Amino acid sequence: MGFRSLLAVLNGERQAVPPVWFMRQAGRYLPEYRALRADKGGFLALVYDSEAAAEITLQPIRRFGFDGAILFSDILIVPHAMGQALTFTAGEGPQLAPPLANARLEDLSGAPHHLDAIYETVRKVAAALPDETTFLGFAGAPWTVATYMVAGEGSRDQAAARLMAYREPERFSALIDAIVDVTVEYLAGQIAAGVHAVQIFDSWSGSLAPDEFDRWVIAPTRAIVERLKARASVPVIGFPKGAGGNLPRYARETGVDAVGLDETVDPAWADVVLPKGLPVQGNLDPLLLLAGGDALPGAVRRIREALGRRPHVFNLGHGIDKETPIAHVEAALAAIRKPL
């Protein structure tokens, strides 16, 4: 078996040249992905087609040799499994029905069979990955998933979920608890099927006031980590996008094994305020990767220098932009893999 450098870093080992993977590395910026999607159909059809989803997961590994492969799926598979109808419409984004702002969770009929195709994808990828590649599963964090379930769609300020949390805290807490339950089972299923580590995406954590952040981000994430660790010994990466000043508290109190930094976080500040020795992931601006040019290698170097005293997984601060040129990815990887 080859040396899995990314897994070693997540387990606390510092390396001179950081391992690298990019969020959304399996997807629309790749011509091979676009060709497969044109042949197979829409996004959700690809997610539930295990053969296609496995192929998409493997595409960036074949092209770039990333140290990590991220499962091709979506965070809204969990609400789909909880009984909401899920559709993806071009130009409109995902839609969940009925929105829980005006419907009851207990009236939904759970559909856990939707998770079976994801587990089959994991098994297919695990069988095909190079030995040295770390396989990452993932799920959305309860707060972020709840924002979609309540509104029925994405929103700029997550107002529908925030209002429910203020006006009906018991009802909202029950929703969060239900998402925690399904998410633990979902991640445990991915681990059993073959992933080596998992990431919890909290894409909308930045919209909450500090007390609400404690209640709806930190506490549910801690519950997932504790319950997952009782069942499987794999690293958990927490990615609270937009957490800002809440980031140190998140790192200390959730129990995650590594913390992802979004592109707005100063990595030098993060290195000072985060627990000593905690692995950190991030955090090149995806728009700089899209722009390319002379600024790109300099930014890569500054991030590596700022985080080089601790275990560091190089990544973007969020998902790769669909218009990103392949040459820019190649240039970034050359800079990341070059000894300082």
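The values are calculated or read from the model by the stated rules, or taken from the named source; none is laboratory data. Computed from a prediction, not measured in an experiment: that's the story for all the values here. Using ideal geometry, Cβ is built from the backbone for each residue, glycine included, and neighbour counts are taken over all protein chains shown. In case anyone asks, the SASA skips ligands and DNA or RNA and just uses the protein heavy atoms, side chains included. Shrake-Rupley method; radii C 1.70, N 1.55, O 1.52, S 1.80 Å.
Before moving on, here are some points about what is shown:
- Residue within region 265-275 that is more than 17 Å from residue 20 (Cα to Cα), touching a strand residue (DSSP E or B) at 6+ places or on another chain (Cβ under 8 Å), β-branched (Val, Ile, Thr) and outside any helix (DSSP H, G or I) present: yes
- Residue 309 being open to solvent by 30 Å² or more (accessible area, probe 1.4 Å) and part of a loop (DSSP other than H, G, I, E, B): yes
- When the criteria are applied in full, residue 162 meets the requirement of being more than 20 Å from the chain's Cα centre (by Cα) and either surrounded by 21 or more Cβ atoms within 10 Å (Cβ to Cβ) or assigned to a helix (DSSP H, G or I) (or both).
- Given (1) in contact with a Gly (Cβ under 9 Å, 6 or more places away or on another chain); (2) over 19 Å from residue 195 (Cα atoms); (3) surrounded by fewer than 17 Cβ atoms within 10 Å (Cβ to Cβ), index of the condition residue 266 fails: (1)
- Test for residue 56: is it farther than 27 Å from residue 143 by Cβ and surrounded by 13 or more Cβ atoms within 10 Å (Cβ to Cβ): yes
- Failed item in (1) assigned to a loop (DSSP other than H, G, I, E, B); (2) modelled with pLDDT of 95 or more; (3) not charged (D, E, K, R), with residue 283 passing the rest: (1)
- Test set (1) under 22 Å from residue 184 (Cα atoms); (2) open to solvent by less than 10 Å² (accessible area, probe 1.4 Å); (3) assigned to a loop (DSSP other than H, G, I, E, B) - residue 66 fails condition number: (1)
- Whichever residue in region 97-127 is of a type in the set (Asp, Glu) and modelled with pLDDT of 95 or more and, among such residues, is most open to solvent (accessible area, probe 1.4 Å): 116
- Answer residue from region 199-235, given it is surrounded by fewer than 16 Cβ atoms within 10 Å (Cβ to Cβ) and of a type in the set (A, V, I, L, M) and is modelled with the lowest pLDDT among those: 232
- Matching entry among 59, 95, 15 (being of a type outside the set (A, V, I, L, M), closer than 30 Å to residue 303 by Cα, touching a residue at least 24 places away in the same chain (Cβ under 8 Å) and not in a helix (DSSP H, G or I)): 15
- Subset of region 1-12 [open to solvent by 50 Å² or more (accessible area, probe 1.4 Å) and either part of a helix (DSSP H, G or I) or over 17 Å from residue 278 (Cα atoms) (or both)]: 1, 3
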